[in-house]
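Student: Take this structure first; my questions come after.
The values are calculated or read from the model by the stated rules, or taken from the named source; none is laboratory data. These figures come from a predicted structure and were not determined experimentally. When we count neighbours, we look across all protein chains shown, and the Cβ atoms used for this are built from the backbone with ideal geometry, even at glycine.
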Amino acid sequence: MILESRLGIRLDNHLTEQAMALKVDTHADWCENLAWAGEEAYKVDSFWRPLYGERSIVRDHYNGTVIHLVKDDNPAYRMDIEVRVYDGGVAFRYFFPENEKGAYYRVMREDTEFHLPEGTRAWFTGWAQGSYKLLPLKSWPQESERPLTLQVPDGPCLSLTEARMVDYARTKFTLSSKKPNTILTSLYTPVDLISPVGSPWRVIMIGDEPGDLVMNNDIIQDLNDPSKIKDAGWIRPGKIMRVIKQTTAQAKATIDFAVQHHLQYILFDWKWYGPAFSFNSDATKVAIRDLDMPEVIRYGNEKGIGVWLYVNQQAVAAQSDSLFRVYHDWGVKGVKIGFVQVGSHRWTTWLEEVFKKAADNKIMLNVHDDWRPTGEQRTWPNLLTAEGIRGNEEMPDATHNTILPFTRGIAGAADYTFCYYDHRIKTTHAHQLALPVIIYSPLQTLYWYDIAGDIVNKRSPELEFWDRLPTSWDETRVLAAEPGSFVSMARRKGADWFVGVITGDEARKMTVRLDFLPKGKKYRASIYTDDAMQHTDTKVKVERREVDASTVFNLDLQSSGGAAVWLEELN
């Protein structure tokens with residue numbers, strides 16, 4: 001599906017001994033005058049167990065090759081191209097072995113191409129929290145975010161992305177001005193490296209169906225380093241609710257609601273310590289008169305509910321040498337970092353250091369705004385989730401939600417900030433109920449714009465689905481999907497299964513077969529569907545029935561609607 005395409009990387013080393021010896025021009029194409037110097041083939045087939053994830057066991061299975069290249073017949077100046085071939089895709093990177101004479105490399109840009117068949121279209125968005133459009137490979141309004149998922153005429157599904165972007169600059173995608181139907185990598189800023197060092201992995205994912213991209217997205221974490229946290233027992237996935245009115249009384253009410261509805265955490269959002277965008281604000285001091293933070297943390301510990309704090313990048317940058325230690329001493333469980341600077345080599349390495357500092361102090365993290373993960377959660381599992389998604393803060397429509405699993409979802413956990421009662425929601429309530437099954441995050445933010453005290457007075461028996469919903473899974477299956485139209489997904493935790501089904505802006509009839517269940521076993525199904533005849537605030541119908549692997553659900557979904565199913569194994 002990827003036609004003949006060029007590899008290339010350009011350096012600016014005109015002030016180095018290496019460049020002077022080779023008389024290399026500024027922005028020299030390092031892939032010119034390269035000679036083959038041998039290759040090493042290898043195979044890997046292993047398994048590893050993540051602390052949490054979309055599946056409890058991950059297989060890392062590929063054939064690899066390292067191609068050794070020498071520049072201008074000078075053995076001191078070498079470059080390798082490493083390739084790994086999986087069943088679900090291909091990954092490759094540029095690597096500079098250790099070089100004592102010219103260890104410094106300044107990468108100005110990559111010229112990596114992806115030449116696609118005529119008629120290929122891309123699910124385009126220009127930034128991490130943007131909406132998606134299905135565009136041909138011409139006249140894009142700007143660079144495209146990654147992952148970039150492609151529709152090839154009469155072909156399989158493809159997605160282009162990157163993995164292990166930890167000591168480099170972000171790469172988006174742009175169109176070639178010289179070659180039709182050709183996508184180029186586009187580096188955000190130059191990168192200053194010291195050998196031995198490699199670029200991030202450039203990944204081409206492939207699947208017969210859109211769901212295969214979700215089923216094979218372990219490739220992204222496989223390409224990252226194993227966990228650097230030895231004792232990780234303090235890292236615990238869960239569900240979290242924001243304290244809207246940041247007072248001691250409201251925080252305790254939110255904790256009580258969390259206990260009642262089986263949440264694990266509460267969050268104090270921005271401004272609890274003062275103006276968030278000011279370097280003058282001290283994120284170790286509470287700026288709200290009616291908020292007694294030690295008392296809230298004590299009350300939460302008593303009830304089994306942990307406290308997370310929002311902190312803007314200004315305070316994290318200014319205070320991170322001591323900030324996480326202070327929070328650990330307070331008993332804080334996690335920090336949500338907001339408005340991070342992204343893209344450049346400088347801020348990429350800064351954020352990597354933040355992951356380490358937080359881990360050293362047993363603090364979990366949620367990175368918000370424009371940043372997207374590239375598999376870092378394997379190395380730093382205290383990074384539970386990240387935003388980089390157009391979620392319910394922007395109130396997207398239902399069609400947008402059907403695209404997310406096969407675009408942003410491939411990159412990893414996404415904090416969508418689910419709502420439920422807000423009048424601005426553009427979907428039905430059953431659609432909202434099903435979304436946390438479809439959009440994976442080990443830290444699920446629920447009831448984003450809702451106030452705990454107000455929910456108590458609502459007639460919504462279907463909330464039992466969110467009450468029982470896990471955030472980490474043993475098994476994940478995409479049952480049926482067409483990006484931009486519908487998604488049906490099933491996830492298992494222990495013996496129980498949870499099914500989420502959503503449609504886009506168009507009403508449709510959908511069939512859900514339970515043939516993924518073990519044969520010979522019975523389950524109690526709780527089924528949650530939209531029904532205007534219900535005498536509840538949210539018009540969601542709750543049904544119970546006994547089912548097994550032969551059961552078929554025929555769903556009549558409203559426009560922007562959905563359905564959720566909870567399957568409990570019967571003894």
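Student: Kindly indicate whether THR417 is surrounded by fewer than 23 Cβ atoms within 10 Å (Cβ to Cβ), closer than 19 Å to TRP270 by Cα and touching a residue at least 24 places away in the same chain (Cβ under 8 Å).
Tutor: Yes.
Student: Taking the options LYS252, LYS271, name whichever one is over 22 Å from the mean Cα position of the chain (by Cα) and part of a helix (DSSP H, G or I).
Tutor: From the options LYS252, LYS271, the qualifying one is LYS252.
Student: A further question on this structure: Hey, could you check the stretch 439-470 for residues that are among the small types (Gly, Ala, Ser) and part of a helix (DSSP H, G or I) and say which is surrounded by the fewest Cβ atoms within 10 Å (Cβ to Cβ)?
Tutor: Taking the candidates together, the pick is GLY453.
Student: Given the criteria modelled with pLDDT of 90 or more, among the aliphatic types (A, V, I, L, M) and surrounded by fewer than 20 Cβ atoms within 10 Å (Cβ to Cβ), does VAL107 qualify?
Tutor: no
Student: Can you tell me which of LYS285, LYS245, LYS230 is outside any helix (DSSP H, G or I), charged (D, E, K, R) and closer than 29 Å to LYS493 by Cβ? Don't jump to the end; show me each part of the working.
Tutor: Values: LYS285 fails: closer than 29 Å to LYS493 by Cβ; LYS245 fails: closer than 29 Å to LYS493 by Cβ.
It is LYS230.
Student: Right, here's the next one. Looking only at the stretch 255-268, count every residue that is farther than 16 Å from ASP467 by Cβ and part of a helix (DSSP H, G or I) and tell me the total.
Tutor: Residues in the stretch 255-268 being farther than 16 Å from ASP467 by Cβ and part of a helix (DSSP H, G or I): 0 in total.
Student: What number of residues within the stretch 185-227 satisfy the criterion of being crowded, with 17+ Cβ neighbours inside 10 Å, over 21 Å from CYS157 (Cβ atoms) and aliphatic (A, V, I, L, M)?
Tutor: Residues in the stretch 185-227 being crowded, with 17+ Cβ neighbours inside 10 Å, over 21 Å from CYS157 (Cβ atoms) and aliphatic (A, V, I, L, M): 4 in total.
Student: Search the stretch 141-162 for residues being of a type in the set (S, T, N, Q) and under 15 Å from the mean Cα position of the chain (by Cα), and hand back the single one that is farthest from ARG93 (Cα to Cα).
Tutor: Checking each candidate, the answer is THR149.
Student: Which one of the conditions (1) part of a loop (DSSP other than H, G, I, E, B); (2) among the hydrophobic types (A, V, I, L, M, F, W, C); (3) closer than 19 Å to TRP308 by Cβ does TRP473 fail to meet, given that it meets all the rest?
Tutor: Tallying (1) part of a loop (DSSP other than H, G, I, E, B); (2) among the hydrophobic types (A, V, I, L, M, F, W, C); (3) closer than 19 Å to TRP308 by Cβ, TRP473 fails exactly one: (3).
Student: Right, next: How many residues are of a type in the set (Ser, Thr, Tyr) and touching a Leu at 6+ places or on another chain (Cβ under 6 Å) when one looks only at the stretch 545-570? Don't jump to the end; show me each part of the working.
Tutor: Step one: list which residues in the stretch 545-570 are of a type in the set (Ser, Thr, Tyr), which gives 550-551, 559-560.
Still in the running and touching a Leu at 6+ places or on another chain (Cβ under 6 Å): 551.
Qualifying residue count for the region: 1.
Student: Continuing with the same structure: Being out of contact with any Ser or Thr (no Cβ under 9 Å at 6 or more places or on another chain), closer than 26 Å to LEU148 by Cα, in a strand (DSSP E or B) and not hydrophobic (A, V, I, L, M, F, W, C): is that true of TYR94 here?
Tutor: For TYR94, the condition - out of contact with any Ser or Thr (no Cβ under 9 Å at 6 or more places or on another chain), closer than 26 Å to LEU148 by Cα, in a strand (DSSP E or B) and not hydrophobic (A, V, I, L, M, F, W, C) - is not met.
Student: I need the strands (runs of 3 or more DSSP E) fully contained in the stretch 116-203, keeping only those with at least 1 residues that are among the charged types (D, E, K, R) and in contact (Cβ under 8 Å) with a residue 12 or more places away in the chain.
Tutor: 121-124, 157-163, 171-175, 191-194
Student: Any idea which of VAL542, VAL501, VAL487 is surrounded by 15 or more Cβ atoms within 10 Å (Cβ to Cβ) and in contact with a Leu (Cβ under 7 Å, 6 or more places away or on another chain)?
Tutor: On the way: VAL542 fails: in contact with a Leu (Cβ under 7 Å, 6 or more places away or on another chain); VAL487 fails: in contact with a Leu (Cβ under 7 Å, 6 or more places away or on another chain).
Going through VAL542, VAL501, VAL487 in turn, just one is surrounded by 15 or more Cβ atoms within 10 Å (Cβ to Cβ) and in contact with a Leu (Cβ under 7 Å, 6 or more places away or on another chain): VAL501.
Student: Ok, one more. Evaluate the stretch 487-502: report whether one residue or more is touching a helix residue (DSSP H, G or I) at 6+ places or on another chain (Cβ under 9 Å) and part of a loop (DSSP other than H, G, I, E, B).
Tutor: So far as the stretch 487-502 goes, no, none of its residues is touching a helix residue (DSSP H, G or I) at 6+ places or on another chain (Cβ under 9 Å) and part of a loop (DSSP other than H, G, I, E, B).
Student: Pairs please, first residue from the stretch 22-43 and at pLDDT below 85, second anywhere and of a type in the set (A, V, I, L, M) and surrounded by 13 or more Cβ atoms within 10 Å (Cβ to Cβ), Cβ atoms under 6 Å, 6+ apart in sequence or on different chains.
Tutor: These pairs meet every condition: HIS27/MET108; ALA28/LEU11; TRP30/ILE9; TRP30/LEU11.
Student: What are the pairs with Cβ atoms under 6 angstrom where one residue, in the stretch 62-76, is assigned by TED's automatic domain parsing to the domain that holds ILE204 and the other, located anywhere, is of a type in the set (Ser, Thr, Tyr) and surrounded by fewer than 16 Cβ atoms within 10 Å (Cβ to Cβ)? Sequence gap at least six, or different chains.
Tutor: Going by the 6 Å Cβ cut-off, the qualifying pairs are GLY64/TYR42.
Student: Of all the residues that make up the stretch 187-209, how many are closer than 27 Å to ASP87 by Cα and among the hydroxyl-bearing types (Ser, Thr, Tyr)?
Tutor: 1
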